[in-house]
Each structure stands twice: as structure tokens, then as C-alpha cells.
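Colleague: The structure is given below, and queries will be raised subsequently.
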Amino acid sequence: MENCSMEYRKARLEDDISAIAKYIYLTDPYIYPTICKSPQEKEWVELIRQCYQQDDNLFSWHNIYVALMDGEIVGICCIIPCGIRLKFNEDLELNECSLHMTKAVEGYFTPLLEESADLSGYNVVNLCIDKNLRRRGIGRALLQYCLDDCEHKLVY
């Protein structure tokens, strides 16, 4: 890692959506495998692409931060303001994958976000670093970048 170039920043529309989809999938070994079998599955990547392009979606590019090593995404952090109202299944192509994801959002994420609706701060929803790069401080640095970007407002 000594000779590697690390960068932490907010996601951009032109970022590699398959890498972002992969790391979102890997953040939860219980929920996402019930939605699809693999983080490279075509329907999963397309679902995340559609979510990523919406402004008020849980997985909107506005809510995602990335860790890059030599220009390649090696991790993500999804952080959203408390009290945000999610628009999940509107404007999405409905298929088996998006229907399962809608149930996950309604059953898991929405109640968590509703609990913090009256709070001021941010919710860390997902954080994942490539498993071969863990325990090197990348996740800590990415989370610190998020905190700095959120001006150190409370994070839950």
C-alpha cells in the first residue's frame, strides 16, 4: 500500500457502477443474498444503477462516498441525513430483484430511518472495503472523510 495512491471522495455519476454495486452487496451478508445470488448479477447491477441515478434514493450517488486505490474503487460508505424520506421503488424497472429490494428497504431501512427522523445528523447505512485490503485503515479513513464532509454532525 506504500506505493499506492489513495483517494476518498463523494461518488460521481461517472463512477464504475459495477464496483459500487459489488460493495453495496457485500455490506450485508444477510439481506442482499436473499435479493440476488451475486454482486455481479446483471439485475442487481442494473437495480443499483437505477437507484444511483435518482436524487432521493437510499443508494443515490449523493449518499455514497468511495475509497479509491490507484483510481479503482476499493470500498464505499453510504451515509444519509436523518429524517430523509426515501423514494425507493418509484421510477424503477420492476423485476424480481427490485421487488425483493423494495421489501428489504420497507422492512429494514425505513424503520431505521424513521427512528432517527427527529434527530439531526446522519445515518451510516453501509460501509464496505475490499476484503483483501481490510485492517489497513482504509475504512477508518473513508469514514473520517464522511465525517469531515458532514461537518462532524452526529452520525448514527
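Colleague: Taking just the C-alpha trace of region 1-42, give me its Rg and Dmax in Å.
Modeller: Rg and Dmax of region 1-42, Cα atoms, are 13.2, 39 Å.
Colleague: Which whole-number percent gives the relative contact order of region 5-48, counting Cα pairs below 8 Å spaced six or more residues apart?
Modeller: 39 percent
Colleague: How much mean residue ellipticity at 222 nm does the chain get from its helices, if each DSSP H run of length 4 or more adds -39500 (n - 2.57) and you divide by all residues, to the nearest 500 deg cm²/dmol?
Modeller: Working: 6 runs with 52 residues, N = 156.
It comes out at -9500 deg cm²/dmol, rounded to the nearest 500.
Colleague: At 10 °C and a viscosity of 1.306 mPa s, what translational diffusion coefficient does Stokes-Einstein give for region 100-156, taking Rh as the Kirkwood radius over Cα pairs? Give it in µm²/s as a whole number.
Modeller: 120 µm²/s
Colleague: Enter the accessible area of Arg136 (Å², nearest 10), with the probe set to 1.4 Å and all protein chains included.
Modeller: 120 Å²
Colleague: Now a separate question. If you take every DSSP beta bridge fully contained in the chain, what fraction is antiparallel? Give it as a percent rounded to 5. Present the calculation step by step, with values, prior to reporting the outcome.
Modeller: On the way: 18 of 19 bridges.
The antiparallel fraction comes to roughly 95 percent.
Colleague: What chymotrypsin sites (Phe, Trp or Tyr not before Pro) does region 17-88 have in DSSP loop regions with at most 12 other beta carbons within 10 Å?
Modeller: Passing both the DSSP loop test and the Cβ count: Tyr30.
Colleague: Mean projection of the alpha-carbon convex hull of region 5-88 over all orientations, in nm²?
Modeller: 5.5 nm²
Colleague: For region 102-156 and region 6-73, what is the centre-to-centre distance using only Cα atoms, to the nearest Å?
Modeller: 14 Å
Colleague: Please work out the FRET efficiency for the pair Asp149 and Asp16, using the Cβ-Cβ distance as r and a Förster radius of 25 Å; give the result to the nearest 0.05.
Modeller: After rounding to 0.05, the efficiency reads 0.75.
Colleague: Treat region 20-69 as a sphere of radius equal to its Kirkwood radius over Cα pairs and apply Stokes-Einstein at 20 °C in a medium of 1.002 mPa s; give the translational diffusion coefficient in µm²/s, rounded to a whole number.
Modeller: Answer from the Stokes-Einstein relation: 190 µm²/s.
Colleague: Evaluate the chain: find the radius of gyration of its Cα atoms, find its Kirkwood radius, and give the ratio Rg to Rh.
Modeller: Radius of gyration over Kirkwood radius for the chain works out to 0.95.
Colleague: Counting pairs on different chains as well as pairs 8 or more places apart, how many Lys pairs in region 1-133 have Cα atoms under 24 Å apart?
Modeller: Lysine pairs meeting the criterion: 14.
Colleague: Which of the GluC sites (Glu not before Pro) across region 34-68 are loop residues per DSSP, with 16 or fewer other Cβ within 10 Å?
Modeller: Glu41
Colleague: Another question, if that's okay. Below 8 Å, C-alpha to C-alpha, sequence gap of six or more: please give me the relative contact order for the chain in percent.
Modeller: Across the chain, relative contact order equals 26 percent.
Colleague: Just to check I understand the Karplus step: with θ = phi - 60° and J = 6.51 cos²θ - 1.76 cosθ + 1.60, what whole-Hz values come out for region 128-138, glycine and proline as x?
Modeller: 8, 10, 3, 4, 7, 10, 6, 6, 10, x, 5
The values are calculated or read from the model by the stated rules, or taken from the named source; none is laboratory data. Since we're looking at a predicted model, the values are computed, not measured. Every residue, glycine among them, receives a Cβ derived from its backbone with ideal geometry; neighbour counts consider all protein chains shown. Protein only, heavy atoms only, side chains kept; ligands, DNA and RNA dropped before computing areas. Shrake-Rupley method; radii C 1.70, N 1.55, O 1.52, S 1.80 Å.
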